[in-house]
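Undergrad: Please see the structure below; I have some questions.
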Amino acid sequence: MPAETALQLSQAPACYLHRGIDCIELFDYPLTAMAELRELYTELKRNGYGKLGFHSPMPRTRAFMDDGVACFYLHDDASQRGLSFDLLEHTLQHARQWQADYAVTHLTYGRTDTTDPGQAERLAAAACRRFAELSRYYEIPINVEFAAYTRTFNQPGQFIEAIARHDELALCIDTGHTRLGANLNGRDYFADIKTMAPYTRSMHLWNTMGNGSEHIPLHPAQDPVTGWIDIEQTLQLVLAENPAVTIIFEYPVAEVTRDIQAGYDWIKQIVNTCSLNK
């Protein structure tokens, strides 16, 4: 079975190919890797991975080589915001060439976002208007990934308000970011999940005990009683609202070991059970 990170190249910081349920999502490869990556994608399609997502930046341009971050949409500096829109448009150009099914972008980045709450909401609304315009032009739906590390813009309701007027946009729930954000802001994780579920079109799944940002692979032995995210309850809440949600395992895998496969099988079983109970 092909490895998720079969193309770990030094030209870009990340280079992640994440598998999902009948889907793969590409993130942060350099332009020079695209031909080889296309061959790998063709092989994956033959193995049943029919849906394709592009996570901005994808591919990363030589003009921007900062570590993994391309989301300055709430930055006070208009030139930084413009750089992020350029990177997103570049992603959408390639996504259309590859006939991708969707794209994902972050909206916030806590370290560089504005500290003015009113400005944050104005910039978020403007960014989502632009996302919708780009989505229509390139005919690629865009999922806005929720993260709650920005002091002035971290509520699920703020994200929902920013995207709700645009049919082209939906949310991407990231389980780890949602858990860490809930801890950071003193909120209930499941309350946030339940609020966002009706607006969610894709999910990034990984686990954490709430004490670090490392994307830990899923495994059925991760007991919520000991501090792990309750992935089963999370999926039940989201699948009740959108049974067709796209599910991505967002953690790097060099080899599909027995434990990794156990995690994949566990999630597929949960999804199948939820489907049967509808």
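Coordinate-derived values only; no laboratory data. Not measured: the values here are computed from a predicted model. Methodologically, a virtual Cβ is constructed for each residue, glycine included, from the backbone with ideal geometry; neighbour enumeration extends over all protein chains shown.
Undergrad: Can you tell me the Rg and Dmax of segment 58-276, counting just the alpha carbons, in angstroms?
TA: Just the Cα atoms of segment 58-276 yield Rg and Dmax of 17.2, 50 Å.
Undergrad: Still on this structure: Skipping prolines and chain starts, which residues have an amide H placed within reach, meaning under 5 Å, of the one on THR246, given they are 5 or more residues away or on another chain?
TA: SER202, MET203
Undergrad: Now a separate question. CYS15's amide H: which non-local residues (gap 5+, or another chain) put their own amide H closer than 5 Å, with H modeled 1.01 Å from N in plane and none for Pro or chain starts?
TA: Amide H neighbours of CYS15: TYR29.
Undergrad: A further question on this structure: To the nearest 500 deg cm²/dmol, what mean residue ellipticity at 222 nm is calculated for the chain from DSSP H runs of n ≥ 4 alone, each contributing -39,500 (n - 2.57), summed and divided by the residues? Don't jump to the answer; show the numbers that get you there.
TA: Values: 8 runs with 112 residues, N = 278.
Here the helix-only value at 222 nm equals -13000 deg cm²/dmol.
Undergrad: So for each of 105-113, 82-90 I average, over its residues, the number of other beta carbons within 10 Å; can you give me the resulting order with the highest mean first? Don't jump to the answer; show the numbers that get you there.
TA: Numbers: 105-113: 20.3, 82-90: 18.7.
My ranking of the peptides, most packed first, is 105-113, 82-90.
Undergrad: Oh, and also: Place a +1 charge on the Cβ of each Lys and Arg in segment 58-276 and a -1 charge on the Cβ of each Asp and Glu, then give the dipole magnitude about the Cα centre in debye, rounded to the nearest 20. Numbers along the way, then the final one.
TA: Numbers: 17 positive and 28 negative charges, 59 e Å.
For segment 58-276, the charge dipole is close to 280 debye.
Undergrad: Mind listing the long-range amide H neighbours of ASP174? Cut-off is under 5 Å, sequence gap 5 or more, other chains count too, H placed in the peptide plane at 1.01 Å from N.
TA: PHE146, HIS204
Undergrad: Highest first, please rank the peptides 180-190, 159-169, 42-52 by the mean number of other Cβ atoms sitting within 10 Å of their residues. Before the final figure, lay out each step's value.
TA: On the way: 180-190: 15.5, 159-169: 17.4, 42-52: 13.3.
With the highest mean Cβ count within 10 Å placed first, the list reads 159-169, 180-190, 42-52.
Undergrad: In addition: For the chain, what is the relative contact order in percent, using Cα pairs closer than 8 Å and at least 6 residues apart in sequence?
TA: On the way: 521 pairs, mean separation 45.0, N = 278.
Normalised by residue count, the contact order of the chain is 16 percent.
Undergrad: I've got another one for you. Roughly what % of DSSP beta bridges within the chain run antiparallel, to the nearest 5? Could the numbers behind the result be given before it?
TA: Details: 6 of 31 bridges.
Restricted to the chain, the bridges split so that about 20 percent are antiparallel.
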